[in-house]
1. I'd like to verify a number: residues in segment 178-201 that are hydroxyl-bearing (Ser, Thr, Tyr) and within 16 Å of Val93 (Cα to Cα), how many?
2. Tell me which residues, restricted to segment 158-185, are outside any helix (DSSP H, G or I) and either on the phi > 0 side of the Ramachandran plot or surrounded by 19 or more Cβ atoms within 10 Å (Cβ to Cβ) (or both).
3. Given the conditions (1) modelled with pLDDT under 95; (2) assigned to a loop (DSSP other than H, G, I, E, B); (3) within 24 Å of Glu180 (Cα to Cα), which single one is not true for Gly81?
4. Being outside any helix (DSSP H, G or I) and of a type in the set (A, V, I, L, M, F, W, C) is the filter; apply it to segment 132-157 and report the residue that is nearest to the chain's Cα centre (by Cα).
5. Is one or more of the residues making up segment 107-125 in contact (Cβ under 8 Å) with a residue 60 or more places away in the chain, aromatic (Phe, Trp, Tyr) and in a loop (DSSP other than H, G, I, E, B)?
6. What pairs come up if the first residue lies in segment 137-155 and is within 17 Å of Asp126 (Cβ to Cβ), the second is among the hydroxyl-bearing types (Ser, Thr, Tyr) and not in a loop (DSSP other than H, G, I, E, B), and their beta carbons are under 7 Å apart, counting only those six or more places apart or on different chains?
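The values are calculated or read from the model by the stated rules, or taken from the named source; none is laboratory data. Please read all numbers here as calculations on a predicted model, not as lab measurements. Here the Cβ positions follow ideal geometry from the backbone for every residue, glycine too, while neighbour counts run over all protein chains shown.
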Amino acid sequence: MPDQTHSRPTVASVEKRTDAIQAALEERGLKAGEFIEQAEHLVEEKWIPENGARVVAKAWTDPAFKQRLLANGRDAVAELGLTMPPHHRHLVVLENAPKVQNVICCTLCSCTAFTIIGLPPDWYKDLEYRARVVRQSRTVLKEMGLDLPPEVEIRVWDTTADTRYMVLPVRPPHTEGWSEEQLAKIVTKDAMIGVARLQGT
């Protein structure tokens, strides 16, 4: 009678598998190590929420820039030296108001305007957020700490293949007279995604 037991194959750790892939690429002349270093540099030093905070602060203090930003976000952020990948053909900036709260999501995956507002947080990529924020936006926001009164309209925007969104938060009234640098320091990634409001608004 044949042996019915089957031994499970040994699975290498993630680190070992990563090292093996990197070695295979480098054998073929592809500089995987250099690419990883470049990617880490971009993530840590270039693709940061401080970019979006600069955009928000500029819009709060420069009405003409704000109009250009709302009309064509991609062109407007380029004025500040900020770039977007070619496939991000459109950047739509959604202006919040005291009785309007815009929220962004990506129901298919986890797309954001990452070069402007930084890489998406883990919760943004989670299937529960992506599925529920569209159908139960008020409940989801409350669970995340943003308890909006019933008179506030919530608008949820779903990223598409070529369109990225960012939220322009309401400027806190106590910041009148602040410089752009001061204003940029109070703008958060969560506020630019729309799951938070800035203190005092």
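1. Here the count works out to 1.
2. Hits for segment 158-185 are Thr159, Arg164, Tyr165, Met166, Val167, Leu168, Pro169, Arg171, Gly177.
3. So Gly81 meets the others, but not (1).
4. Only one residue fits best here, namely Trp157.
5. no
6. Val140/Tyr129
Matching residues to (1) of a type outside the set (S, T, N, Q); (2) in the same structural domain as Cys109 (by TED's automatic domain parsing); (3) modelled with pLDDT of 95 or more:
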| site | (1), (2), (3) |
| --- | --- |
| Tyr124 | yes, yes, yes |
| Arg132 | yes, yes, yes |
| Thr139 | no, yes, yes |
| Val152 | yes, yes, yes |
| Trp157 | yes, yes, yes |
| Ala161 | yes, yes, no |
| Arg164 | yes, yes, yes |
| Ser179 | no, yes, yes |
